[in-house]
Amino acid sequence: MLSGKTAIVTGSTSGIGLGIAKALAKAGANIVINGFGDPAAIEQERASLAGENNVKVTYSGADMAKPEEIADMIGLAADEFGGVDILINNAGIQYVAPIEDFPIEKWNAIIAINLSSAFHTARLAVPEMKKKGWGRIINVASAHALVASPYKSAYVAAKHGIAGLTKTVALEVAEHGITANAICPGYVMTPLVEKQIPEQAAARGISEEAVVRDVLLAAQSTKRFVEVSELAALATFLCSAEAGSITGAIMPVDGGWTAH
Ligand code: NAD
């Protein structure tokens, strides 16, 4: 379905991004993976993604907090694969603290990685997409693009921001065969969530079991974590021809959380 297309998936050395990269490779796209981690493990993942799916896969270690490294990553896709057709803005970090204790450097990092990076990738990728008359931009936002939770001021601000960015870009590129959408997951059990369980427990003064039951899954009506495969399947569909009229959509995949 996607053979001959190239996808950049930011933050794809782990969790949701890795799941989306695997699904797009399975659908035939060449992939630029990105993110941090053990170099040997990343190389192993790169090689198996390429080998199992008979596609080309390259790795960019660009830091999504640094606009010049983001430009290098877009340049790599152009040099190796002739440009980017599918842009998945997924890299993200979290930090949980009351507003009065929220470290300024954590605020700046979350806004840079979770929001500004998607501005930079889009501004650099759109000209080539316009030339080709086809493109897909998918921003992995969050249920926190639609509702707030206490102690996540930077994350909620960045995710609400990316919803606005998604809608704006969608309007600007709509007549060029390019769509821009946001996927808004509820809680998915990835390293990002595992890490915040002890942080939430400390911020709220409750046990880790209580954080899972009473905080994380409190509003998720299905009472289960969202599966990475569910998000990867939606991302793949949004890349299809049949999804050409879906644009500017902010799509919850949250077990009913934001239906409350
Ligand atoms: P994760 O921690 O498993 O993966 C995050 C990825 O981003 C990793 O590959 C990491 O190396 C990369 N990354 C982090 N900082 C980076 C930087 N500066 N430059 C480049 N790459 C960087 O997290 P995840 O749960 O898979 O989250 C992926 C996205 O999904 C994030 O945007 C997150 O906000 C969003 N999300 C996650 C959940 C959840 O419950 N896990 C829910 C809603 C939204």
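The values are calculated or read from the model by the stated rules, or taken from the named source; none is laboratory data. This structure is a prediction, so every number in the text was calculated from the model and none was measured. Note that we place each Cβ from the backbone using ideal geometry, even for glycine, and neighbour counts take in every protein chain shown.
Worth a mention:
- Qualifying residue in region 113-131 (condition: assigned to a helix (DSSP H, G or I), within 14 Å of the ligand (Cβ to nearest atom), surrounded by fewer than 18 Cβ atoms within 10 Å (Cβ to Cβ) and hydrophobic (A, V, I, L, M, F, W, C)): no
- Region 126-160, subset of a type in the set (V, I, T) and over 30 Å from A203 (Cα atoms), residue nearest to the chain's Cα centre (by Cα): I138
- Candidates are the residues of region 185-217 that are in contact (Cβ under 8 Å) with a residue 60 or more places away in the chain, more than 7 Å from the ligand (Cβ to nearest atom) and within 20 Å of the chain's Cα centre (by Cα); the one that is surrounded by the most Cβ atoms within 10 Å (Cβ to Cβ) is Q196.
- Within region 30-54, residues that are on the phi > 0 side of the Ramachandran plot have Cβ atoms under 7 Å from residues that are assigned to a helix (DSSP H, G or I) in these pairs: G35/G17, counting only partners at least 6 apart in sequence or on another chain.
- Close Cβ contacts (under 7 Å, 6 or more residues apart or on different chains) running from residues in region 66-77 that are more than 12 Å from the ligand (Cβ to nearest atom) to residues that are hydroxyl-bearing (S, T, Y) and part of a helix (DSSP H, G or I) comprise I74/T121.
- Selected residue (criterion: nearest to A218 (Cα to Cα)) from residues of region 143-157 that are more than 10 Å from the ligand (Cβ to nearest atom), in contact (Cβ under 8 Å) with a residue 40 or more places away in the chain and part of a helix (DSSP H, G or I): S153
- Take the conditions (1) surrounded by fewer than 21 Cβ atoms within 10 Å (Cβ to Cβ); (2) in contact with a helix residue (DSSP H, G or I) (Cβ under 6 Å, 6 or more places away or on another chain); A154 misses just one of them, which is (1).
- Within region 124-137, residues that are closer than 17 Å to I70 by Cα and of a type in the set (D, E, K, R) sit with their Cβ atoms under 9 Å from residues that are assigned to a strand (DSSP E or B) and at pLDDT 95 or above, at 6+ positions apart or across chains, in these pairs: E128/G135.
- Considering only residues in region 15-46 that are surrounded by 19 or more Cβ atoms within 10 Å (Cβ to Cβ) and near the ligand (Cβ under 6 Å from one of its atoms), the one that is farthest from T121 (Cα to Cα) turns out to be G15.
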